[in-house]
Amino acid sequence: MSDEKFLERLPLGVSVKGAKEGSLDWRTDFEPRELYVQDSRIIRDKSLKKKQIFTWLARVLAVGLESIAGLLVYQEFKRSGELVIPNVVLDLAIKDAQYLLLAIHVHNLGGKIENLRVACPYCESQFATELDLAKLKVEYAQESTTTITVKLPVGFDYLPSADSQFDFAGKKFNVFQFRIPTLRDFLSVENLVQSSDDQIWNNTLYARCLQKVLISDPQNAEFNGYAMLERDQTMLGTELFSRLRLKDIGAIATAFNSLPAVASRCDVTCSECRREVSVAVDSSFLLQTA
Ligand SMILES: [Zn+2]
């Protein structure tokens, strides 16, 4: 059955602590849970889903997974009175968390979503269609990686405050190294989602995941690989991003968006004009039974 690809392996699988270093084998080691009607109070919490989508996602994963990498999920969640999300869930790469939401859906309700209402943007007709989750493209990481390294087209102009060892005039910090964002990271910036400026949200997420800021200058061995002082990096915080050129922040956004993941959109055919319409595969119709 082609639906089963959603029960195969995680796209990234990097954040589970205790996993064998450099090994991707454990990515197949997760077990969705058989859901009951009584679990619906978590899954169908409409106001949570609308206002705090990542809290909703964390709670659905906590109730919808037996285990990840051999670590119990649901039992731990239940033991806490359904109050504490297990760390193994919070430490999931966000792309893996989104994949697992689909896996829980497929495990419980199968891969077909029937009677999905779609409005065609071309002919404006409304039609009902069936969505086959098995048609969604899934990209997988080729090797075990925990970081995103971005080489910026230009780079950040900055004169370190207390490093008089070098003359930094004209030097640009043009390599930004991040750890892969987790569900925990998204939860921490969740309340900024409502803010009108998406860039504030993005900058906060980037600053949170930033590990190192470096100079890449092969022409100048003295500076090549030089990392910004941690103190300066901390002091600058989100300014490191608000002071970047648009082309540089664009490179960072592209790198974050290019992480291996399950596609968030799918094409369906309009029943009236027969054109292909792109539909967002989001939580609004996952795990719904009515
Ligand atoms: Zn149409």
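Relative to the dominant Cα principal axis of the chain, helix 94-109 is inclined by about 10°. Compute the angle between helix 246-257 and the longest alpha-carbon principal axis of the chain, please, reported from 0 to 90 degrees and rounded to the nearest 10. Approximately 40 degrees, to the nearest 10.
Taken over the chain, the convex hull of the Cα atoms encloses 169 Å³ per residue.
Quick check: residue separation of K78 and A255 times 0.36 nm, minus the Cα distance between them. What number comes out in nm?
60.0 nm
Based on every Cα atom in region 189-290, Rg and the maximum pairwise Cα distance Dmax equal 20.1, 65 Å.
Estimated at 0.36 nm per residue, the fully extended path between R179 and D282 surpasses their Cα-Cα distance by 34.6 nm.
Placing a label point 7 Å from the Cα of D197 along the Cα-to-Cβ direction, the residues of region 244-271 whose backbone N falls under 13 Å of that point are 244. Checking every one of the trypsin sites (Lys or Arg not before Pro) in region 116-186 against DSSP loop status and a limit of 13 other Cβ atoms within 10 Å picks out K137.
Read-outs throughout are calculated quantities, based only on the coordinates presented, and are distinct from any laboratory measurement. Since the structure is predicted, the reported quantities are computational estimates derived from the model, not experimental observations. Virtual Cβ from ideal backbone geometry, glycine too; neighbours counted across all protein chains shown.
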